[in-house]
Each structure stands twice: as C-alpha cells, then as structure tokens.
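The values are calculated or read from the model by the stated rules, or taken from the named source; none is laboratory data. Every value quoted in this text rests on a predicted model; they were computed, and no experiment measured them. Cβ coordinates were reconstructed from backbone atoms using ideal geometry, including for glycine residues, and neighbour counts include every protein chain displayed. The protein model used for the area step is the full one, side chains on, heavy atoms only, and it has no ligands, DNA or RNA in it. Shrake-Rupley method; radii C 1.70, N 1.55, O 1.52, S 1.80 Å.
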Amino acid sequence: MTTKTERIVCGLLIAGVFLPALLLPGAGALVSAIVVALALIFLSNSRKPTLALVWRSVPASILLGMAVGTATAIAFSVAVEPLITALTGEPVDLSDFDAVKGSVPNYLVMMAVGLIFGGIFEEVIFRGAVIGWGSAAFGKHLAWPLAILSAVVFGITHLYQGWSGVISTGLMGLILGALYVLCSRRLLPCIAAHMTNNAIGITAIFLGMG
C-alpha cells in the first residue's frame with residue numbers, strides 16, 4: 001500500500017472502531033473487535049504496529065503492567081471514584097455485575113471475560129490498532145492525540161455504568177494510553193495492567209466490596 005492509501009485505510013479502520021463503540025455502548029466493542037480482526041487478517045501492514053508486544057523484556061513488561069494495574073485499582077477505589085461520585089452526584093453503576101456477588105460460577109465467567117476480552121482484546125483495539133497503527137500511518141506526533149481520543153471513546157463504551165462510569169473508565173483509558181505511548185507503543189504492559197485491574201475489580205465485586 002502507498003502511504004496515502006494506508007492512511008485512508010487506517011482512518012477508515014479507526015472510524016470502524018469508534019462508531020460501533022459510540023453508537024452501541026458495551027455491545028459495540030464486539031463489533032469493533034471484528035473490525036480490527038478483519039484488518040489484521042487482510043491488511044498485513046496493520047499487524048506489526050498493532051501487535052507490537054514487548055517493552056524491554058517480557059518480565060519487565062508484565063511487572064510494570066501489574067504494578068500500574070494494582071496501583072490504579074487501589075487509587076480508583078479509594079480516591080478517584082469517590083471524587084467522581086461527589087462531582088456527579090451518582091456512583092459508578094455496577095448493577096450489571098450483581099450476579100457476580102457471592103457466585104463462584106458467575107465470578108469465574110466474568111473473570112474470564114474481564115481478562116480475555118477486557119485485558120487483551122480491548123487493548124489490541126483501543127491501544128494497538130488506534131494508537132499503534134494510527135501513529136504508524138499518520139505520524140508518531142499523533143500518538144498522544146490518538147491516546148486521548150481513544151480514552152474518550154473507551155469511556156463512552158462504558159455508558160451502561162452511568163456517566164460516572166464513563167468518566168472513570170475514560171480516565172483509566174487515558175492511563176493505559178499513556179502507558180502504551182511511554183512504553184514505545186508496546187501492548188504487553190497495557191495488557192498486564194488492564195488484566196490486573198480487572199481481576200482486582202471483579203474480585204472486589206464478588207466479595208461484595210465493589
């Protein structure tokens with residue numbers, strides 16, 4: 001592909017990721033995942049920037065990600081989400097996860113979804129494809145703007161959690177985007193961070209603490 005053609009195709013991909021996510025909060029992420037999967041299958045130029053994984057080394061990537069995921073889980077629970085609730089007048093709506101509380105089968109299912117779809121697929125979509133391939137096609141100087149734009153859309157995909165949920169997940173998306181850019185646009189630290197954060201959050205809901 002020529003550079004111009006690649007930019008057009010990449011722009012269409014980003015639109016194909018964002019539009020379903022914006023129009024169908026929650027379920028739209030599945031459509032976005034299909035769009036990215038098709039791009040990875042049929043567009044060879046998308047694979048390297050989208051799927052670049054390791055920052056420095058595998059252990060360093062995982063340890064950094066786990067540290068960020070743990071720190072954000074604690075910080076959001078103790079300070080960030082209470083502040084958002086105070087500002088908006090409503091808590092993050094986690095009622096869709098009520099069935100997880102005290103139920104081991106539901107907990108295991110939700111954990112699998114949170115780790116695999118949330119931790120891996122969402123990172124490939126919102127960080128790898130949008131920021132990674134986007135900045136490769138349009139220029140590295142757009143990595144930060146794409147990270148911000150991706151975080152906004154990532155937040156809106158969680159509209160089913162209310163506007164407090166949108167703000168909270170948007171901020172989390174911004175942190176993950178910053179981690180991605182600062183780690184030379186490598187996915188593994190973000191995947192580890194997202195998986196760790198989700199694991200702690202889902203466990204807290206299971207224990208009746210979320």
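If R0 equals 41 Å, the separation of the Cβ atoms of Asp93 and Leu38 corresponds to a calculated FRET efficiency of about 0.80.
Which residues in segment 166-210 have a backbone N closer than 19 Å to a point placed 7 Å from the Cα of Lys48 along the Cα-to-Cβ line? Only 184-188 fall inside the zone, counting backbone N under 19 Å. Computed log10 I(q)/I(0) for segment 102-176 at 0.19, 0.23 Å⁻¹: -0.81, -1.01, from the Debye equation with unit scatterers placed on every C-alpha and solvent omitted. The residues neighbouring Trp133, those whose beta-carbon lies less than 10 Å from its own, together hold a net charge of +2 under the Lys/Arg +1, Asp/Glu -1 convention.
Per atom type, the chain shows carbon and sulfur on 74% of its accessible surface, probed at 1.4 Å.
Can you figure out the FRET efficiency of Leu23 with Val152, using R₀ = 22 Å and their beta-carbon distance, to the nearest 0.05? It comes to 0.90. With viscosity 1.567 mPa s and temperature 4 °C, the Kirkwood radius over alpha carbon pairs of the chain converts through Stokes-Einstein to a diffusion coefficient of 75 µm²/s.
For the chain, modelled as a GNM whose springs connect Cα atoms under 10 angstrom apart, the maximal fluctuation among Thr85, Thr196, Thr70 occurs at Thr85. By the equivalent-ellipsoid construction on the alpha carbon gyration tensor, segment 1-99 comes out with semi-axes of 33, 22, 12 Å, ordered largest to smallest.
Here the Gaussian network model covers the chain, with springs between Cα atoms less than 10 Å apart; of Leu149, Leu19, Leu176, Leu19 fluctuates the most. As a ratio to 2.2 N^0.38 Å, the alpha-carbon radius of gyration computed for segment 50-124 takes the value 1.38. For segment 23-70, the pair-distance distribution built from all alpha carbon pairs, in bins 10 Å wide starting at 0, is 22, 28, 39, 11 percent. Only Cα sites of segment 126-210 enter the Debye sum here, all with the same form factor; the resulting log10 I(q)/I(0) across q = 0.14, 0.15, 0.19, 0.24 1/Å is -0.49, -0.56, -0.82, -1.12, listed in q order.
In this label model, Leu142 and Val80 are separated by 2.7 nm, measuring between points 7 Å along each Cα→Cβ vector.
In square angstrom, what is the accessible area per residue of segment 74-210 with a 1.4 angstrom probe?
44 Å²
Geometric descriptor of segment 56-170, per residue, is 129 Å³ (volume of the convex hull of the Cα atoms).
Considering only Leu12, Leu115, Leu146, the mean-square fluctuation computed in a Gaussian network model of the chain, springs between alpha carbons under 10 angstrom, is largest for Leu12.
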